[in-house]
Amino acid sequence: MAQLELALEHIDAQLRAYIEELKEWVRMPSISAGAQEDCCEALARAADFAVAQCEGIGLRARKVQVSPDTNPLVVACSASFAAGRPTVLIYGHYDVQGVDNPRSAWTNDPFGAAERDGYLLGRGASDNKGPCFAHLKAAQALHATGGLPVNLVMLIEGEEECGSRALSQFIAGGGLDEFGPIRGVVISDTSMYGPDRPSLTLGLRGILFFQMTVHGPKQDVHSGLFGGTIHNPNHLLVRALAALHDVEGRVRVPGFYDQVQPLSRREKTFYDALEVDEAAYCRNLGVKGLTGEPGYSLLERRWTRPTLAINHLSGGSPRTVIPARAAAVISCRLVPDQQPEPIETALQQYLRDQLPAGTEVEFGNSHHSPAYHLDPDHPLVPRALQAIRTGFGLEPLLTREGGSIPIVTQLHQRTGAPVLLVGLGQITDNWHGPDEHFNLRDFHRGIRTSAALLCALAEV
Ligand code: BES
Ligand code: ZN
């Protein structure tokens, strides 16, 4: 029997044990975005868990502490690199988002890892511990049934949800160079097109994220005593923010769209052919209707057009005060070939220009990464599609996605390898929201896909 068949049988037989192990990982509250003190211990434990998993597959694994104030990276690789065998890099993240969105909106313990109706419930179950674990278990199944067919590098980080600073430094400092040429990078941190609609994702949007703070009096002051005589930071902030979009929703920042590449006819044909149920989309979100940039379909707006969003606003208190400061968190989703740096400069200048002369304004907490795009004609695309067919027993689709994986473009640029994005989650899994969940049937089919993909990449 061919090795892949043996490995697939092994996976089918071991699934129950794999699920129980995954639950252990999901029980660790490894929150990175806005993390509190007590998360450090959970982050370390989640990293140790990944190290132990990698060692269980015969990989050499270590935790890398890039600097004292960053979360550890887990870097693992085959104990010996066989010559003439291609090297594949698999990336995932063990950090998760917070659970205060709000906490009372969760109907189950976010770190209880309960299993219900074929779903695993919990923060990180789908983003990204479950899908990342699918690759670990696929590698383990291959290890148990004749050995890994490729030289494997596993890169599992703990800061994806807050900009991947440590990993970015690690890669920029040559941390991957010891592994030699990489044939392909595989990531499952995207979603499937829908239930039973597995897909290969050809593109991700990039991100530009920062906080803007407008300062006023040195402390909150009584609005009856001082109102009408000094600038109110809340007013200044909302006036500046209101200038960001025109009435139809286009971004008004000069140059914002200049570098945007139009969608190729070929890709447009793929996406136009995908069925879209707008009513179900609205129902799922609890909204009455859709909006967006004129002239683009729903999928084009989600996947191929840049956006600018105000994510958070704060300032003052529910009392009669003129606040000392007002702040907004702003982020843009960027598309190929938009460069984050010039857009950040233009955007911040535009915001400054909306404020009266002399206003004290500050920009902070900034991070950014450009969009990623894979040519649909890349020779590894048909191989990835074939692996999905084998794993799922279903015909895969080609898609893009609107979210961002900050490290993806750097991984591609540094290794020169294509990044194959094989999502295992659903857009209805409540990533970053309450009651996150992951379909365990997709976990199973995802492990099978990963095993098939590793075998397919071995063969090129
Ligand atoms: N898994 C997501 C990335 C993603 C989101 C892919 C939506 C496809 C569709 C990832 O964990 C994530 O949420 N990334 C953040 C990064 C940001 C905080 C720097 C994102 O996209 O907001
Ligand atoms: Zn993720």
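Would you confirm, using the coordinates I've provided, whether V361 is of a type in the set (V, I, T) and in a strand (DSSP E or B)?
So V361 fits the description; yes.
Among the residues of segment 318-325, is any surrounded by fewer than 15 Cβ atoms within 10 Å (Cβ to Cβ) and among the basic types (K, R)?
Checked against the condition, which is being surrounded by fewer than 15 Cβ atoms within 10 Å (Cβ to Cβ) and among the basic types (K, R), segment 318-325 yields at least one hit.
Can you tell me which residue within segment 103-118, out of those that are touching a residue at least 40 places away in the same chain (Cβ under 8 Å) and either within 21 Å of the chain's Cα centre (by Cα) or at positive phi (or both), is surrounded by the fewest Cβ atoms within 10 Å (Cβ to Cβ)?
Top of the filtered list is G118.
Quick check on my filter: what residues within segment 391-421 are touching a helix residue (DSSP H, G or I) at 6+ places or on another chain (Cβ under 7 Å), closer than 19 Å to A452 by Cβ and surrounded by 19 or more Cβ atoms within 10 Å (Cβ to Cβ)?
Answer for segment 391-421, where residues must be touching a helix residue (DSSP H, G or I) at 6+ places or on another chain (Cβ under 7 Å), closer than 19 Å to A452 by Cβ and surrounded by 19 or more Cβ atoms within 10 Å (Cβ to Cβ): G391, F392, P396, L398, P418, V419, L420.
Restricting to segment 206-257, what's the tally of residues that are in contact with a Lys or Arg (Cβ under 7 Å, 6 or more places away or on another chain) and more than 16 Å from ligand 2 (Cβ to nearest atom)?
Looking only at that region, the number is 9.
Would you please list the contacts, defined by Cβ atoms under 6 Å and residues six or more apart or on different chains, that run from a residue in segment 135-146 that is open to solvent by 10 Å² or more (accessible area, probe 1.4 Å) to a residue that is in a loop (DSSP other than H, G, I, E, B)?
Qualifying pairs under 6 Å: Q140/I57; H143/I57; H143/G58.
Being away from ligand 1 (no atom under 11 Å from the Cβ) and crowded, with 17+ Cβ neighbours inside 10 Å is the filter here; which residues of segment 358-382 pass it?
Within segment 358-382, V361, P370, A371, H373, L374, L380, V381 meet the criteria.
Please state which one of R383, R389, R400, R414 is modelled with pLDDT of 95 or more, of a type in the set (K, R) and outside any helix (DSSP H, G or I).
Step by step, each of R383, R389, R400, R414 is checked, and only R400 is modelled with pLDDT of 95 or more, of a type in the set (K, R) and outside any helix (DSSP H, G or I).
Show the residue pairs meeting these rules: Cβ distance below 6 Å; 6+ apart or different chains; first residue within segment 54-71 and in a strand (DSSP E or B); second residue at pLDDT below 95 and among the hydrophobic types (A, V, I, L, M, F, W, C).
Once the first residue is in a strand (DSSP E or B) and sits in segment 54-71, its partners that are at pLDDT below 95 and among the hydrophobic types (A, V, I, L, M, F, W, C) give R60/A79.
I'd like to know if segment 137-154 contains one or more residues that are within 12 Å of ligand 2 (Cβ to nearest atom) and at pLDDT 95 or above.
no
Report yes if some residue within segment 40-49 is under 27 Å from D117 (Cα atoms), assigned to a helix (DSSP H, G or I), open to solvent by less than 20 Å² (accessible area, probe 1.4 Å) and among the aliphatic types (A, V, I, L, M); otherwise report no.
yes
If I ask for residues that are touching a strand residue (DSSP E or B) at 6+ places or on another chain (Cβ under 8 Å) and among the small types (G, A, S), which ones from segment 285-332 would you list?
Within segment 285-332, A309, S314, G315, G316, A324, A326, A327, A328, S331 qualify.
If I filter segment 171-183 for residues that are over 30 Å from P323 (Cβ atoms), within 16 Å of ligand 2 (Cβ to nearest atom) and among the charged types (D, E, K, R), do I get at least one hit?
Taking every residue of segment 171-183 in turn, none turns out to be over 30 Å from P323 (Cβ atoms), within 16 Å of ligand 2 (Cβ to nearest atom) and among the charged types (D, E, K, R).
How do the helices (runs of 4 or more DSSP H) wholly within segment 156-247 filter down when requiring 3 or more residues that are within 16 Å of ligand 1 (Cβ to nearest atom) and in contact (Cβ under 8 Å) with a residue 60 or more places away in the chain: which remain?
165-172
In this structure, is T87 over 22 Å from P29 (Cβ atoms) and modelled with pLDDT of 95 or more?
yes
Kindly check whether there is at least one residue in segment 294-304 that is in a loop (DSSP other than H, G, I, E, B), at negative phi, open to solvent by 40 Å² or more (accessible area, probe 1.4 Å) and modelled with pLDDT of 95 or more.
The answer is yes; a qualifying residue exists.
Just to check your reading of the model, which residue among L385, L355, L424 is open to solvent by less than 30 Å² (accessible area, probe 1.4 Å) and within 16 Å of ligand 2 (Cβ to nearest atom)?
L424
Yes or no: V88 buried (at least 18 other Cβ atoms within 10 Å of the Cβ), assigned to a loop (DSSP other than H, G, I, E, B) and of a type outside the set (S, T, N, Q)?
Spelling it out, it is not the case that V88 is buried (at least 18 other Cβ atoms within 10 Å of the Cβ), assigned to a loop (DSSP other than H, G, I, E, B) and of a type outside the set (S, T, N, Q).
The values are calculated or read from the model by the stated rules, or taken from the named source; none is laboratory data. Just so you know, these numbers come straight off a predicted model, no measurement behind them. Virtual Cβ from ideal backbone geometry, glycine too; neighbours counted across all protein chains shown. The area values use the complete protein model at the heavy-atom level, side chains included, leaving out ligands, DNA and RNA. Shrake-Rupley method; radii C 1.70, N 1.55, O 1.52, S 1.80 Å.
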